[in-house]
Amino acid sequence: MEQDLLLARKNALFDMISRINSTLAGLPVGKLRIKGGERPYYYHVTPNGPAGGDYIKTSNRELAGQLAQRDYLMRVLRAAESELDALSRFEKRHLPVQPEAVYETLTPYRQALVDPINLPDTEYVRRWVSESYEGKSFTPDDPAFYSPRNERMRSKSEILIANTLTDLGVPYRYEAPLSLKNGKTIYPDFTILRIRSRKVCYFEHCGRMDDSDYLHRFMRREQQYIANGLIPGRDVFMSFESATDPLNTLSLREELRALFVEQ
């Protein structure tokens, strides 16, 4: 949409202006004057120097290059600032508020009273996360690990996954119930919401892959997902570890970012 293109261009200009200002801070002050002839002569023009500038010796040709670069960047900077100003004025005068954004302009009291046509992502996420559910129960013998959100979890690896998802801004539910076609209920480790597409998917951490009984249970769980139209690699994703191959935190972060942080 027009607003999206406009925002992308404005962000590009902001980035360009920031980079130019950073570069200018490291360049010498003044301007370059070039006098043509059989060969060019370069002069460094400064506010307190001669009107025509100080001659730049051949041995100091690097200064001429720096001044030329400064002059060029100043012209680019003025052009970028001018375009940014024009885009801002155009946006204010000609682009209406998007219908989907009207809800966000309401006060919280009004938001609580209306039924929006399209929920903004922030409100959709807030409602999704706040939905109550009854998770899988714990036995007295189950270990007790707690996330920063005070969620009880079954392993330190699950705490690490939860912390990483939170840090990446990925909404999740821990061990939320999932009803299968055969009437049974399973509890995926993490039910994940992809914000932009609003697609729900699942993430399982398989933490004892060197345990044969655990491995068989994992294979049965995978078949349950497939039988219910939830395909590994599309709807269900997994991480693995064993006693000899623990969870790699850097790899985990990159995996979760690639899977669930939509650009």
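Values quoted throughout were computed directly from the atomic coordinates according to the rules given, and no laboratory measurement underlies them. Remember, predicted model here, so these are calculated numbers, not experimental data. Note: ideal-geometry Cβ built from the backbone for every residue, glycine included; neighbour counts use all protein chains shown.
Annotations
- Overall, the range 2-96 carries a charge dipole of about 300 debye about its Cα centre when +1 sits on the Cβ of Lys and Arg and -1 on the Cβ of Asp and Glu, all other atoms neutral.
- Among the trypsin sites (Lys or Arg not before Pro) in the range 165-233, those placed in a DSSP loop whose Cβ has at most 11 other Cβ atoms within 10 Å are Lys181, Lys184, Arg196.
- For the range 35-49 and the range 131-168, distance of Cα centres in Å: 70
- A simple count of charges around Glu262, restricted to other residues whose Cβ falls under 14 Å of its Cβ and scoring Lys, Arg +1 and Asp, Glu -1, yields +4.
- In percent, rounded to a whole number, the relative contact order of the chain is 10, using alpha-carbon pairs under 8 Å and six or more apart.
- Descending by average beta-carbon neighbour count within 10 Å, the peptides 186-192, 104-110 line up as 186-192, 104-110, the highest first.
- Farthest toward positive dipole pole in the range 119-235 [+1 Lys/Arg, -1 Asp/Glu at C-beta], among Tyr172, Pro143, Ile231: Ile231
- Anisotropy class of the range 128-263 from Cα gyration tensor, a/c 1.5 cut: rounded
- The angle between the Cα long axis of helix 121-130 and the longest principal axis of the Cα atoms of the chain comes to about 30 degrees, rounded to the nearest 10.
- Too-long pairs where the Cα-Cα distance tops 24 Å, listed order kept, from Lys92/Lys199; Lys156/Lys184; Lys136/Lys156; Lys156/Lys199; Lys136/Lys184; Lys136/Lys181: Lys92/Lys199; Lys156/Lys184; Lys156/Lys199
- FRET E, pair Val29, Thr122, Förster distance 35 Å, beta-carbon r, rounded to 0.05: 0.15
- GNM top mover of Glu81, Glu62, Glu38 - the chain, alpha-carbon springs below 10 Å: Glu38
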